[in-house]
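Following: one structure in structure tokens, then a few remarks.
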Amino acid sequence: MQPVREEVIGGLQRFRRLIPIGLVLVALGLLVAGCGEGFDLEHTEHQLNFWGVPHEPWRIGPGPFWELNPNTLIWTWVAMGISLLLGIVAARGANMRRPTKLQSMFEMIFEWLRGLINEVMDPKKGAGIFLLIVTYFYFILICNLMGVVPTLEAPTADNNTTFGFALITFFMIYIWGIKYKGMKYFKHYIEPVPVFLPITIIEDLAKPLTLAFRLFGNMKGKHIMTVALLGLITGTMYWAGGFLASVVWLAFCIFISFIQAFVFAMLSIAYISMAVAEEH
Amino acid sequence: MELKFNATILMQMVNFLLLLVLLRLVAYKPLLKVLEERQKYVANTIAQAENQRAEAEKIKAEYEAEMRRAREQAQAIIERATKAGEEQALNIIAQAKAEAERLKEGALADIQREREKAIAELRDQVASLAILVAGKVIKEGLDVQAHERLVQDAVKEVAQLQ
């Protein structure tokens, strides 16, 4: 009896060592099956459109420019709603002595961003852009995180959104530059010699462009990767939809969302502070 | 996939600015107000605490000075009392001695007086006895035996007087 039993146990133990290899093989098989079935981003996106968001753009005027992306706008409004709701809830429970959790979170963001602004520019000049920067960070974070929720989409995965935000920074650079330096602000374009004019103009244009594309690229990439992972294995999102890989990726997405929101806010601070700095 | 720019870009700018204004109204203002209130409160509390500590230290110093003074006074009082007590004890002893002396003198005087009285009494009685003896002698006509007896009686009587 005894030797037979030991043999069985030994066999099981050898088998146990094989389990991970087996799992990897199964996953690979599913992957190959998925790849064989073909990977169609549009198809998966269509399947993910759980809320029935219209695909065709809304036309508000003649020409290709006067169109609105319903997908982006609807999720932007949802993100605005969430932002406002969280803000209202935090403000309603605001207490000087015993701050609520949401309130503490907002206060942390306030203190942190105020510190960042005061580090690079005169606090008096920085006070004017403080709330803009806070809203950048807060709203972009909410938008980015919406991309992590299944069936929702990040409004920041649309280049129109990121360019819209970046244009606000672009205008703020000029507004703040003129506000604190007057017409002398434009002198730095031809300093030390007028030959630099084209370079400084390109530099100015590059600022919003890089801001917008950095955020857009990250978020769009995140979105495509998420959808691809959902669509890749077995080809359908309905069963075994790339679950493990998807979870790992989504966890990483949360990190990216924070980093990108922070980078956008931080670079906006840097650009505006450069415009108002006394010495170039 | 090509990038399409359309009016969404304007819409998003409007959305963002709208959100900024709304958030400023409903969230940022009250939250920042609370933040400022807390900062003010903390600053006030710290200032108050510092004031109170300074005051407490002042009061402590006062109390310590007062304590020291009180202790010194108490010490003085105790010393004075001790000295007074010793003096009183010495007085009492001296008085007692004087009293004892007085009593002793009185007693000695009494003894002397008694002795003198006794001697005087004895002298009186011896005199009267001598007279008595003399009377008897005269009365009984003296012979030798009678004389003998007489003397014996007198001695007996004297012995009885003792």
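Numbers below:
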{"quantity": "Extreme residue, nearest to B:Lys33 (Cα to Cα), among residues of the stretch A:60-96 that are over 21 Å from the mean Cα position of the chain (by Cα) and surrounded by fewer than 13 Cβ atoms within 10 Å (Cβ to Cβ)", "calculated": "A:Asn95"}
{"quantity": "Among the residues listed as B:Leu17, B:Leu31, the single one being part of a helix (DSSP H, G or I), within 14 Å of chain A (Cβ to nearest Cβ) and loosely packed, with under 15 Cβ neighbours inside 10 Å", "calculated": "B:Leu17"}
{"quantity": "Odd one out for A:Pro99, checked against (1) within 8 Å of chain B (Cβ to nearest Cβ); (2) buried (at least 21 other Cβ atoms within 10 Å of the Cβ); (3) of a type outside the set (A, V, I, L, M, F, W, C)", "calculated": "(2)"}
{"quantity": "So A:Phe255, is it hydrophobic (A, V, I, L, M, F, W, C), modelled with pLDDT of 80 or more and out of contact with any Gly (no Cβ under 6 Å at 6 or more places or on another chain)", "calculated": "yes"}
{"quantity": "Residue in the stretch A:117-127 that is within 12 Å of chain B (Cβ to nearest Cβ), hydrophobic (A, V, I, L, M, F, W, C) and surrounded by 20 or more Cβ atoms within 10 Å (Cβ to Cβ) present", "calculated": "no"}
{"quantity": "Output for the stretch A:163-221, where each listed residue is within 14 Å of chain B (Cβ to nearest Cβ), surrounded by fewer than 16 Cβ atoms within 10 Å (Cβ to Cβ) and among the aromatic types (Phe, Trp, Tyr)", "calculated": "A:Phe171"}
{"quantity": "Yes/no for B:Gln12 being farther than 30 Å from A:Gly87 by Cβ and either within 8 Å of another protein chain (Cβ to nearest Cβ) or polar (S, T, N, Q) (or both)", "calculated": "no"}
{"quantity": "Selection count, the stretch A:64-96, where residues are at the interface with chain B (Cβ under 9 Å from one of its Cβ atoms), out of contact with any strand residue (DSSP E or B) (no Cβ under 9 Å at 6 or more places or on another chain) and assigned to a loop (DSSP other than H, G, I, E, B)", "calculated": "5"}
{"quantity": "Tabulated pairs, the stretch A:194-209, first among the charged types (D, E, K, R), second part of a helix (DSSP H, G or I), C-beta under 6 angstrom, 6+ apart or interchain", "calculated": "A:Lys207/A:Tyr271"}
{"quantity": "Residue in the stretch A:176-188 that is small (Gly, Ala, Ser) and under 30 Å from A:Ala157 (Cβ atoms) present", "calculated": "no"}
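The values are calculated or read from the model by the stated rules, or taken from the named source; none is laboratory data. None of the values given here were measured: they were computed from a predicted structure. Positions of Cβ are generated from backbone atoms using ideal geometry, with glycine treated the same way; all protein chains shown enter the neighbour counts.
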